[in-house]
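Below: the structure, in C-alpha cells.
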Ligand SMILES: *Cc1c(COP(=O)(O)O)cnc(C)c1O
C-alpha cells in the first residue's frame with residue numbers, strides 16, 4: 001500500500017492480504033495454538049515469524065498493522081481488552097519504588113488498577129489535575145518514571161495540554177502513556193503531540209457493535225515497542241481471534257459511524273444545553289465546555305459521548321428519569337451503533353468535586369436525533 005494514500009484509503013486497504021489467503025478479500029479469523037516449523041533451523045532462528053498462537057498469529061499481525069497505521073506509531077501489541085492494553089503499557093515501564101503521575105479524570109477501571117495492583121506492586125501513585133498543563137513540572141520527583149494521560153477525560157471531558165506535558169516529560173526522560181480511546185486514533189494523533197505510548201480500547205468505536213472486548217498498545221518507536229511486547233509475552237497476554245476479526249471489520253466503517261455519532265451528539269448536546277432541568281452539559285465540541293479551546297486546538301473532531309449534570313434531586317427521581325428513557329438503556333461502554341446511558345460518580349476522584357446534582361453520561365448512537373431528543377424531553381418533563 002502506498003504511503004502517500006490518504007487515511008480513508010488506508011483504512012479500507014490496511015490489514016488485508018488476499019495473496020496469503022487464496023484470494024480472500026478479508027483476512028479470515030484463523031485461530032492457532034500450534035504452528036508448524038519447517039526445520040530445526042527455523043525453530044532456532046530468532047526471526048522466525050509465527051512461533052505459537054499466544055505469541056502472535058497472522059490475524060494478530062494484521063490487526064496490529066491496522067492500529068499502527070491508524071495511530072501513526074512504530075508498531076502495536078494487541079490485547080484482549082482496553083484495560084489489558086493499559087496494564088501492559090504501564091507494567092512495561094515501571095518498577096517498585098517508582099513515582100507515577102496520573103491524571104485525575106481517568107477512566108474508572110484505570111483508577112482501580114492504579115489504586116490496587118500498581119500500588120500493591122510498590123509504585124507510588126499521585127493524581128494530578130487534568131488541567132495542570134506546565135504546572136506538572138512542580139510534581140516531578142527524582143523517581144518519577146511515568147506520566148499517565150487521558151484526554152478528554154472520562155465523564156467530564158477535561159482536555160489536557162498534551163504538548164506542554166509531553167515536552168516537560170521528555171526533558172526529564174519520563175515516559176508518557178496516553179489513553180487515546182476517546183479519539184479512537186482518528187481524532188487525535190498522540191505521537192504528533194509528543195506522547196511515547198498510546199493505548200486504545202478497540203472495544204469502543206473500532207469494533208463499534210457492542211459485541212467484543214479488544215485493545216491495543218501502540219509504541220512510538222522500536223525501543224518502547226520491544227519493552228511493551230516483552231511485557232505482553234511475559235504476562236502471557238494475547239487477544240482473541242474472533243475479536244480481532246470483528247474489529248478489523250468495524251475499522252472499515254469506523255470513521256462514518258464516529259462522524260454520524262458526533263453529528264447526532266452535537267444536536268442533542270445543544271438541545272440539552274438549553275433545558276432548564278439540566279445544569280450543565282459536558283461535551284468538548286460545545287463552545288460552553290470549559291476545555292473547548294484546547295479541544296479545538298488539538299483534536300480533529302468529537303465523538304458521541306456527553307454527560308449531563310441534572311438539577312439536584314432525590315436519588316429516586318434520578319432512578320425514575322433513567323427508567324423513563326426508552327432509547328437509552330443503562331450499560332457500560334460506548335462507541336457502538338446504539339445510544340446508552342451510565343451513571344457517573346465524580347465525587348470518587350482524588351481532587352474535590354464541588355458540583356451538586358447527579359452526573360449521567362450518555363452515548364449518542366446512530367438513531368435519529370429527533371427521536372433521542374423526544375425521548376429525553378418526556379423523561380426530563382417527569383423529572384422532579
Ligand atoms: C472503555 C475504556 C477503556 C477500557 O476498555 P475495555 O475494552 O472496556 O477494557 C479504557 N479507557 C477508556 C477511556 C475507556 O472508555
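The values are calculated or read from the model by the stated rules, or taken from the named source; none is laboratory data. Bear in mind that the values here come from a model prediction, so they are computed numbers and not experimental data. We place every Cβ from the backbone using ideal geometry, glycine too, and count neighbours over all the protein chains shown.
Only a single criterion out of (1) within 15 Å of the ligand (Cβ to nearest atom); (2) farther than 27 Å from residue 156 by Cα; (3) surrounded by fewer than 22 Cβ atoms within 10 Å (Cβ to Cβ) is not satisfied by residue 234, namely (1).
Quick check on residue 333: is it within 16 Å of the ligand (Cβ to nearest atom), in contact (Cβ under 8 Å) with a residue 60 or more places away in the chain and assigned to a strand (DSSP E or B)? Considered against the rule, which asks whether it is within 16 Å of the ligand (Cβ to nearest atom), in contact (Cβ under 8 Å) with a residue 60 or more places away in the chain and assigned to a strand (DSSP E or B), residue 333 comes out as no.
For every residue, the table says whether it meets (1) out of contact with any helix residue (DSSP H, G or I) (no Cβ under 8 Å at 6 or more places or on another chain); (2) away from the ligand (no atom under 12 Å from the Cβ); (3) more than 17 Å from residue 235 (Cα to Cα); (4) without any contact (Cβ under 8 Å) to a residue 12 or more places away in the chain.
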{"position": "63", "(1), (2), (3), (4)": "no, yes, yes, no"}
{"position": "66", "(1), (2), (3), (4)": "no, yes, yes, no"}
{"position": "75", "(1), (2), (3), (4)": "no, yes, yes, no"}
{"position": "82", "(1), (2), (3), (4)": "yes, no, no, no"}
{"position": "86", "(1), (2), (3), (4)": "no, no, no, no"}
{"position": "89", "(1), (2), (3), (4)": "no, no, no, no"}
{"position": "93", "(1), (2), (3), (4)": "no, yes, no, no"}
{"position": "103", "(1), (2), (3), (4)": "yes, no, yes, no"}
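Hey, can you tell me all the residues within the stretch 203-222 that are more than 7 Å from the ligand (Cβ to nearest atom), over 18 Å from residue 364 (Cβ atoms) and touching a helix residue (DSSP H, G or I) at 6+ places or on another chain (Cβ under 8 Å)? It would help to see each step written out before you state the result.
Taking the stretch 203-222 and keeping what is more than 7 Å from the ligand (Cβ to nearest atom), we get 205-212, 216-222.
If we keep only those that are over 18 Å from residue 364 (Cβ atoms) too, we end up with 211-212, 216-222.
211, 212, 216, 217, 218, 219, 220, listed by residue number.
Restricted to the stretch 349-374, and to residues there that are in contact (Cβ under 8 Å) with a residue 40 or more places away in the chain and over 30 Å from residue 251 (Cα atoms), the residue that is nearest to the chain's Cα centre (by Cα) is 349. The residue of the stretch 114-126 that is farthest from residue 143 (Cα to Cα), among those that are part of a helix (DSSP H, G or I) and either within 10 Å of the ligand (Cβ to nearest atom) or over 21 Å from the mean Cα position of the chain (by Cα) (or both), is 120.
Within the span defined as the stretch 266-288, every residue fails to be surrounded by fewer than 18 Cβ atoms within 10 Å (Cβ to Cβ), closer than 23 Å to residue 109 by Cβ, modelled with pLDDT of 95 or more and in contact with a helix residue (DSSP H, G or I) (Cβ under 9 Å, 6 or more places away or on another chain). Report the residue count in the stretch 304-322 for those that are in a helix (DSSP H, G or I) and in contact with a helix residue (DSSP H, G or I) (Cβ under 6 Å, 6 or more places away or on another chain). Residues in the stretch 304-322 being in a helix (DSSP H, G or I) and in contact with a helix residue (DSSP H, G or I) (Cβ under 6 Å, 6 or more places away or on another chain): 1 in total. Going by the structure shown, is residue 301 within 25 Å of residue 201 (Cβ to Cβ), outside any strand (DSSP E or B) and at pLDDT 95 or above? It is true that residue 301 is within 25 Å of residue 201 (Cβ to Cβ), outside any strand (DSSP E or B) and at pLDDT 95 or above.
If you scan the stretch 310-325, which residues turn out to be within 15 Å of residue 372 (Cα to Cα) and either surrounded by fewer than 12 Cβ atoms within 10 Å (Cβ to Cβ) or under 26 Å from the mean Cα position of the chain (by Cα) (or both)? Working first, answer last.
To start, the set of residues in the stretch 310-325 that are within 15 Å of residue 372 (Cα to Cα) comprises 321-325.
Of everything in the stretch 310-325, those that are within 15 Å of residue 372 (Cα to Cα) and either surrounded by fewer than 12 Cβ atoms within 10 Å (Cβ to Cβ) or under 26 Å from the mean Cα position of the chain (by Cα) (or both) turn out to be 322, 323.
Which of the residues that make up the stretch 158-205 are part of a loop (DSSP other than H, G, I, E, B) and either within 24 Å of residue 138 (Cα to Cα) or free of Cβ contacts under 8 Å to residues at least 24 places away in the same chain (or both)? It would help to see each step written out before you state the result.
Taking the stretch 158-205 first, the residues part of a loop (DSSP other than H, G, I, E, B) are 158-161, 172-174, 180-190, 194-196, 202-205.
Passing the criteria: 158, 159, 160, 161, 172, 173, 174, 190, 194, 195, 196.
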